[in-house]
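Some notes on the structure that comes next.
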Amino acid sequence: MPDRLRVIVWGENVHEHKNAIVRQIYPEGMHNCIAAGLREDRKLEVQTATLQERQHGLTKSALAATDVLVWWGHAAHGRVADKVAERVLSRIWEGMGFIALHSSHYSKVFKRLMGTSCSLTWREAGERERLWVCQPAHPIARGIDRFIELEHTEMYGEPFAIPAPDETVFLSWFEGGEVFRSGCTWRRGNGRIFYFRPGHETYPIYFHPIVRQVLRNAVRWAAPEGKWIDRCPNVPIKKARETLTQKGPRLHKEGEAGFR
Ligand code: ZN
């Protein structure tokens, strides 16, 4: 793992401007609060980007210089340009880590990564949530006790229409009786993906010290390990490891780039 990880916290930054409750809790914007929690780890170089910026702040060069992307979206998934979503996906396949928070289960990028609807059940009753640690030895659960308790949350319940996770790190129980797979990991291409459920905008979830610790752990866990560029390189006959002669017909010139 590199000594310093370059992180972008991406925020949709819509509710903060439209809803007085959200603005009061997050006057600097949710993305800045999430970023502040990550900066408690001094080895993380954390920047922010928002929907409103040119190319949503996710230009080719910005993404090329990013190891882990943290994503919070809710009301404006459809306003994320397809071109930008595709660019993010390419970087994940190359090896960039991706942390999807709360309602980002319905973001374009997360849905493409999962290949399923990502639907779930939900309720806004300000009820208690207890996130049980399923894998105490997992790096994302490092330093966390048996469970995390959040006094007031929005409920997300099963069925959560995701492909079976590689690992389920947290499982939530809600006061109303539902359960939910709240902390799940996958790999797609070379990228590591973590979904973390808490983070409804009308509660101060991202100020919670244990939630912040989970996010710092998750960013470190999602650090890239190497990189593979998606370009389908041709291997010319003369570069084959063993001696080869041309036997069959050839449609393409040797050394040609792959087709997209
Ligand atoms: Zn929510």
N234 long-range amide H proximity, modeled H, under 5 Å: G258
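In terms of solvent-accessible area of protein heavy atoms at a 1.4 angstrom probe, what is the ranking of E254, E12, highest value first?
Accessible-area ranking of E254, E12, largest first: E254, E12.
Using helices alone, what [θ] at 222 nm do you get for the chain, with -39,500 (n - 2.57) per DSSP H run of 4 or more residues, divided over all residues and rounded to the nearest 500?
-6000 deg cm²/dmol
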Whole-Hz ³J(HN,Hα) from phi, Karplus 6.51 cos²θ - 1.76 cosθ + 1.60, for region 50-58, glycine and proline x: 9, 3, 6, 6, 4, 6, 6, x, 10
Given 11 as the ceiling on other Cβ atoms within 10 Å, longest exposed-site-free region of the chain for chymotrypsin sites (Phe, Trp or Tyr not before Pro) in DSSP loops: 1-227
Rounded Å value of the spacing that divides the Cα centres of region 58-97 and region 137-203: 21 Å
Gyration tensor verdict on region 1-108 (Cα atoms; rounded if a/c is under 1.5, prolate if a/b is larger than b/c, oblate otherwise): oblate
Cubic angstrom per residue, convex hull over Cα atoms of the chain: 156 Å³
Net charge contributed by nearby residues that have their C-beta within less than 11 Å of T153 (K/R +1, D/E -1): -3
Assigned charges on the beta-carbon of Lys, Arg, Asp, Glu; the chain dipole about Cα centre (debye): 1420 debye
Solvent exposure, largest accessible area first (probe 1.4 Å, DNA, RNA and ligands not counted), of T153, T116: T116, T153
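Per 0.36 nm of contour for each residue apart, how much would the distance between R54 and I237 grow if the chain were fully extended, relative to their Cα-Cα spacing?
Full extension of this stretch gives 61.4 nm more.
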Built amide H within the under 5 Å cut-off of C118, gap 5+: A161
Tensor-based shape of region 108-178 (alpha-carbon gyration tensor, a/c under 1.5 rounded, otherwise prolate or oblate): oblate
Other-chain or far-sequence residues with amide H under 5 Å of V9's (modelled H): Q47, T48, A49, V70
In the chain, lysine pairs closer than 29 Å at Cα, eight or more apart or cross-chain: 21
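The values are calculated or read from the model by the stated rules, or taken from the named source; none is laboratory data. Since the model is a prediction, treat every value here as computed from it, not as a measurement. FYI the Cβ positions are ideal-geometry reconstructions off the backbone, even for glycines, and counts take in every protein chain you see. Keep in mind that these areas ignore ligands, DNA and RNA; they rest on the heavy atoms of the full protein, side chains included. Shrake-Rupley method; radii C 1.70, N 1.55, O 1.52, S 1.80 Å.
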